[in-house]
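Encoded as structure tokens, the structure appears first; notes follow it.
The values are calculated or read from the model by the stated rules, or taken from the named source; none is laboratory data. Everything numeric in this text was worked out from a predicted model, so none of it was measured. Note that we place each Cβ from the backbone using ideal geometry, even for glycine, and neighbour counts take in every protein chain shown.
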Ligand code: GLA
């Protein structure tokens with residue numbers, strides 16, 4: 001069973017006397033299509049999933065933040081008057097978000113609270129973005145700050161880039177802040193405009209965790225980012241978003257082979273993402289599935305961010321007759337794949353894909369049938 005507000009309130013009562021004043025949640029995400037396009041000013045189409053980070057909180061007058069993590073069974077504190085990076089693990093996400101909000105001119109109120117979540121850590125389902133956006137939502141409700149999802153997502157991304165030191169794009173924070181129940185969001189990562197795209201009837205989104213993790217993700221990610229930047233420079237544009245396939249076909253061969261393949265992925269992935277949003281609006285699940293499969297091939301062959309485990313998972317998923325399409329999702333090199341599956345066969349799909357993947361790789365996967373939920377929100381006021 002997923003986490004419920006009364007469970008979160010109970011955790012608060014056990015750690016601090018009395019009731020919390022507010023409960024907030026911010027979800028993890030899975031990206032349906034549009035991978036490694038966000039930092040190229042391109043298009044992505046993720047959904048917020050029914051796994052989230054929750055904070056129950058009560059404001060305090062002394063500008064201190066005292067938080068007990070249920071998952072780490074640990075309490076940490078800091079003062080808003082004196083924020084220092086002590087590399088102290090999970091609390092740095094709260095500190096970094098506080099720093100980013102204050103740096104943008106917001107007056108923050110301290111609070112005591114508990115944090116609890118069910119977004120698997122390190123699986124590529126954006127547990128960090130969820131923690132940043134839950135923290136932002138908590139400070140916003142405690143200090144009566146205006147809540148604009150895109151503005152808050154930018155501040156969360158800044159915390160991740162500058163405090164945590166991970167050079168991510170805007171996708172994870174924005175979908176965690178702005179997600180909509182029963183919809184994916186088509187996001188223009190240049191304007192930050194979001195368009196909700198409803199899920200057609202009868203389809204399940206299945207997250208397939210390979211249970212493999214790769215430490216090298218950060219350096220490979222940064223390398224891909226700079227390859228994209230040099231390709232954009234070559235085309236004399238601000239970002240690869242501005243290059244059409246026609247132009248690429250005419251002059252792209254003057255790039256070195258690797259940069260050419262990276263650019264080809266980004267340019268085609270942007271097109272696929274726009275086509276995928278159209279297919280989904282029209283309820284054309286077979287067409288959407290084909291685009292997801294092509295995305296996987298492009299990430300595997302041109303962008304080179306897949307892995308044997310991810311490829312085996314996608315292959316296992318596609319072997320099931322109820323699967324419309326499947327691909328790796330997130331940064332890559334490990335973590336999760338995502339599949340679009342006929343709803344009436346979702347359980348059978350999960351069982352058979354699990355067995356086939358285990359047989360092929362020897363790894364024990366985790367499989368979740370997901371629902372699209374709202375982004376960061378105040379769930380209840382006591
Ligand atoms: C990670 C980053 C995102 C995005 C994806 C790849 O999840 O945090 O900003 O770049 O990788 O699409």
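In this structure, is residue 85 loosely packed, with under 13 Cβ neighbours inside 10 Å and either over 26 Å from the mean Cα position of the chain (by Cα) or away from the ligand (no atom under 16 Å from the Cβ) (or both)? Break it down into steps so the answer makes sense when it comes.
Values: loosely packed, with under 13 Cβ neighbours inside 10 Å: no; either over 26 Å from the mean Cα position of the chain (by Cα) or away from the ligand (no atom under 16 Å from the Cβ) (or both): yes.
In short, no.
Select from segment 205-230 the residues that are part of a helix (DSSP H, G or I) and either surrounded by 19 or more Cβ atoms within 10 Å (Cβ to Cβ) or on the phi > 0 side of the Ramachandran plot (or both) and list them in ascending order. Lay out the reasoning, then the answer.
Of the residues in segment 205-230, the ones part of a helix (DSSP H, G or I) are 217-230.
Listed by number, the residues that qualify are 217, 221, 224, 227, 228.
Going by the conditions given, is residue 79 within 16 Å of the ligand (Cβ to nearest atom) and out of contact with any helix residue (DSSP H, G or I) (no Cβ under 7 Å at 6 or more places or on another chain)? Don't jump to the end; show me each part of the working.
On the way: within 16 Å of the ligand (Cβ to nearest atom): no; out of contact with any helix residue (DSSP H, G or I) (no Cβ under 7 Å at 6 or more places or on another chain): yes.
Here the answer is no, as residue 79 does not meet what is asked.
How many residues does segment 104-136 contain that are farther than 19 Å from residue 64 by Cβ and over 17 Å from the mean Cα position of the chain (by Cα)?
3
Tell me whether segment 231-248 contains one or more residues that are touching a residue at least 12 places away in the same chain (Cβ under 8 Å), loosely packed, with under 14 Cβ neighbours inside 10 Å and assigned to a helix (DSSP H, G or I). So that I can check it myself, show each step before the final result.
We begin by selecting, within segment 231-248, every residue touching a residue at least 12 places away in the same chain (Cβ under 8 Å); these are 231-232, 234-235, 238-245, 247-248.
Next, only the ones that are loosely packed, with under 14 Cβ neighbours inside 10 Å stay: 238, 244-245, 247.
So of that shortlist, the ones also assigned to a helix (DSSP H, G or I) come out as 245, 247.
Yes; the residues of segment 231-248 include at least one that is touching a residue at least 12 places away in the same chain (Cβ under 8 Å), loosely packed, with under 14 Cβ neighbours inside 10 Å and assigned to a helix (DSSP H, G or I).
Checking residue 57 against (1) surrounded by 24 or more Cβ atoms within 10 Å (Cβ to Cβ); (2) within 27 Å of residue 182 (Cβ to Cβ); (3) away from the ligand (no atom under 16 Å from the Cβ), only one condition comes out false. Which one?
Here residue 57 clears every test but (2).
I'd like to check something: does segment 147-160 contain any residue that is on the phi < 0 side of the Ramachandran plot and over 18 Å from the mean Cα position of the chain (by Cα)?
We begin by selecting, within segment 147-160, every residue on the phi < 0 side of the Ramachandran plot; these are 147-160.
This time we only want the ones that are over 18 Å from the mean Cα position of the chain (by Cα), so: 147-148.
Scanning segment 147-160, I find at least one residue that is on the phi < 0 side of the Ramachandran plot and over 18 Å from the mean Cα position of the chain (by Cα), so the answer is yes.
Do any helices (runs of 4 or more DSSP H) entirely within segment 102-202 hold 1 or more residues that are surrounded by fewer than 16 Cβ atoms within 10 Å (Cβ to Cβ) and more than 12 Å from the ligand (Cβ to nearest atom), and if so, which?
Numbers: elements: 127-143, 149-158, 171-178.
Once the helices (runs of 4 or more DSSP H) in segment 102-202 are filtered for at least 1 residues that are surrounded by fewer than 16 Cβ atoms within 10 Å (Cβ to Cβ) and more than 12 Å from the ligand (Cβ to nearest atom), what remains is 127-143, 149-158.
From the list 28, 96, which one is within 16 Å of the ligand (Cβ to nearest atom), in a helix (DSSP H, G or I), in contact with a helix residue (DSSP H, G or I) (Cβ under 9 Å, 6 or more places away or on another chain) and touching a residue at least 40 places away in the same chain (Cβ under 8 Å)? Give the derivation first.
Working: 28 fails: in a helix (DSSP H, G or I).
None of the other options fit; the residue is 96.
Matching residues to (1) more than 24 Å from residue 212 (Cβ to Cβ); (2) without any contact (Cβ under 8 Å) to a residue 40 or more places away in the chain:
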position	(1), (2)
267	yes, yes
281	yes, no
315	no, no
319	no, yes
324	yes, no
350	no, no
358	no, yes
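Only one of (1) modelled with pLDDT of 95 or more; (2) outside any helix (DSSP H, G or I); (3) touching a helix residue (DSSP H, G or I) at 6+ places or on another chain (Cβ under 6 Å) is not met by residue 356, so which one is it?
(2)
Report yes if some residue within segment 31-51 is surrounded by 14 or more Cβ atoms within 10 Å (Cβ to Cβ), part of a strand (DSSP E or B) and more than 16 Å from the ligand (Cβ to nearest atom); otherwise report no. Step through it out loud before you land on a result.
If we filter segment 31-51 for residues that are surrounded by 14 or more Cβ atoms within 10 Å (Cβ to Cβ), which is where we start, we get 31-51.
When the remaining residues are screened for being part of a strand (DSSP E or B), the result is 31-33, 43-51.
Next cut, more than 16 Å from the ligand (Cβ to nearest atom) only: 50.
Scanning segment 31-51 turns up at least one residue that is surrounded by 14 or more Cβ atoms within 10 Å (Cβ to Cβ), part of a strand (DSSP E or B) and more than 16 Å from the ligand (Cβ to nearest atom).
Search segment 271-308 for residues being more than 22 Å from residue 322 (Cα to Cα) and not in a helix (DSSP H, G or I), and hand back the single one that is farthest from the chain's Cα centre (by Cα).
In this case the residue turns out to be 302.
Does residue 314 satisfy being part of a helix (DSSP H, G or I) and modelled with pLDDT of 95 or more? I'd like the intermediate steps shown before the answer.
Working: part of a helix (DSSP H, G or I): yes; modelled with pLDDT of 95 or more: yes.
When the stated conditions are applied, residue 314 passes them.
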